[in-house]
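Heads up: the structure comes next, in C-alpha cells.
The values are calculated or read from the model by the stated rules, or taken from the named source; none is laboratory data. The structure presented is a predicted model; accordingly, all values stated were derived computationally and were not measured. Note that we place each Cβ from the backbone using ideal geometry, even for glycine, and neighbour counts take in every protein chain shown.
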C-alpha cells in the first residue's frame, strides 16, 4: 500500500470506480480547488471524493463526519460558465482508485480539505463464477421488479459489483458498503444481498424508489 496527499471533496453521495461525476461549483473553496486542478498537468488533475456521513456539503459546520474509504476522481473536462454573472465552474470527473483516509492535513494551508491517504490495493483473483452469475441473476430480477427490461452489465475485471450498483437506485450508505468491501468477491456478496432486499421490497410494496443521482451536485 502506498501513501499520498490529495485534495478532498466531501459529497453527500458516493462515487464508485468507473462512475462519472458531473459537478457545478460555486463556493469559493471549491472554485479554488478547481483552479488548482486546472493548473496541474492533465494526468494529475485528481481529487478524492468522500461521503459525508454527518453534516452538509456547504455552509457553516458543513461536514462533521466523513467516510474512511473514498474514491479518487480524475478530471475529464472543465469549463467556466460566464452566463450567470457569477463565477461558476463545470467539471466532469471519473472514479478511479479507492483510498483510505488516514487523517486530514490541518497544516495544508488550502481553503479546501487536504487528506493524507493510503491507496487500497485490489486483489488479482477473479470472483467465483457461480457468485458472478448469481449476482447477474439477481440484477435481472431487480430490473423486472422495477418494470424494466432485464439488461446485462458489461464490466472490466473486478468492476462488476460497481457497475451493478450503478444500475440500482441506492441510498448513499449502501453505495458506501459496496465501495468499502475489501475485494470483488466481497463486493458481489454485498451487492447480491442489496439486490435481494430491494427486489423483495419492490414486489411487496409496488412502489419505485426515488432516484437520487450520485453526480450533478451544485456546491454554492
Restricting the first residue to region 192-220 and requiring it to be under 30 Å from residue 24 (Cα atoms), which pairs with a second residue that is surrounded by 11 or more Cβ atoms within 10 Å (Cβ to Cβ) and modelled with pLDDT under 70 meet a Cβ separation below 8 Å and a spacing of at least six or different chains? 217/57; 219/57; 219/58; 220/58
Among the residues of region 175-192, count how many are in contact with a helix residue (DSSP H, G or I) (Cβ under 8 Å, 6 or more places away or on another chain), under 24 Å from residue 52 (Cα atoms) and surrounded by fewer than 19 Cβ atoms within 10 Å (Cβ to Cβ). 1
Being without any contact (Cβ under 8 Å) to a residue 24 or more places away in the chain and part of a helix (DSSP H, G or I) is the filter; apply it to region 174-191 and report the residue that is nearest to residue 141 (Cα to Cα). 174
For residue 25, the lone unmet condition from (1) at pLDDT 95 or above; (2) under 18 Å from the mean Cα position of the chain (by Cα) is (1)
Inside region 164-173, the number of residues satisfying the requirement of being closer than 15 Å to residue 139 by Cα and either outside any helix (DSSP H, G or I) or in contact with a strand residue (DSSP E or B) (Cβ under 6 Å, 6 or more places away or on another chain) (or both) is 4
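Kindly establish whether residue 214 is surrounded by 13 or more Cβ atoms within 10 Å (Cβ to Cβ), under 29 Å from residue 112 (Cβ atoms), in contact with a helix residue (DSSP H, G or I) (Cβ under 8 Å, 6 or more places away or on another chain) and modelled with pLDDT under 95.
On the way: surrounded by 13 or more Cβ atoms within 10 Å (Cβ to Cβ): yes; under 29 Å from residue 112 (Cβ atoms): yes; in contact with a helix residue (DSSP H, G or I) (Cβ under 8 Å, 6 or more places away or on another chain): yes; modelled with pLDDT under 95: yes.
Yes.
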